[in-house]
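Data block below; observations after.
The values are calculated or read from the model by the stated rules, or taken from the named source; none is laboratory data. Note that this is a predicted model, so its numbers are computed, not measured. Positions of Cβ are generated from backbone atoms using ideal geometry, with glycine treated the same way; all protein chains shown enter the neighbour counts.
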Amino acid sequence: MTHPRHTNAYITSAAAWLKTQQDLRCHWCHKQTHLNLRVGHPLKATVDHLIEVDTAPELAMNQGLWVVACWTCNAARGARHVNNKRRRQPRPPSRRW
Ligand SMILES: [Zn+2]
């Protein structure tokens, strides 16, 4: 099964949607994000989902649930979600920052 986020339809419409946004401030931290930064840049504009795609894949294409997020917040939310799912599994010691 293809993850909805990895389909061409999703990637294309997410990019198009971002270009239509007047306000590219991150929904979570309110920092100004930018479209033309390299992948992985902390302030790169990304599409985040108010309801995680994992939770409701059928809503992945519902733009009413899309928000602009900086790369940092998007990655942090994704990681938190994955951690919740993995809570019962043993994990290697994590590095303290
Ligand atoms: Zn942010």
Pair list, Cβ under 7 Å, 6 or more apart: region 14-41 residue closer than 19 Å to R77 by Cβ, other residue among the hydrophobic types (A, V, I, L, M, F, W, C) and away from the ligand (no atom under 14 Å from the Cβ): W17/W66; L18/L35
Residue in region 70-92 that is among the small types (G, A, S), more than 10 Å from the ligand (Cβ to nearest atom) and at pLDDT 85 or above present: no
Failed item, numbered, when W17 is tested on (1) under 14 Å from the mean Cα position of the chain (by Cα); (2) away from the ligand (no atom under 16 Å from the Cβ); (3) modelled with pLDDT under 95: (3)
Condition met for H30 (within 14 Å of the ligand (Cβ to nearest atom), at positive phi and of a type outside the set (G, A, S)): yes
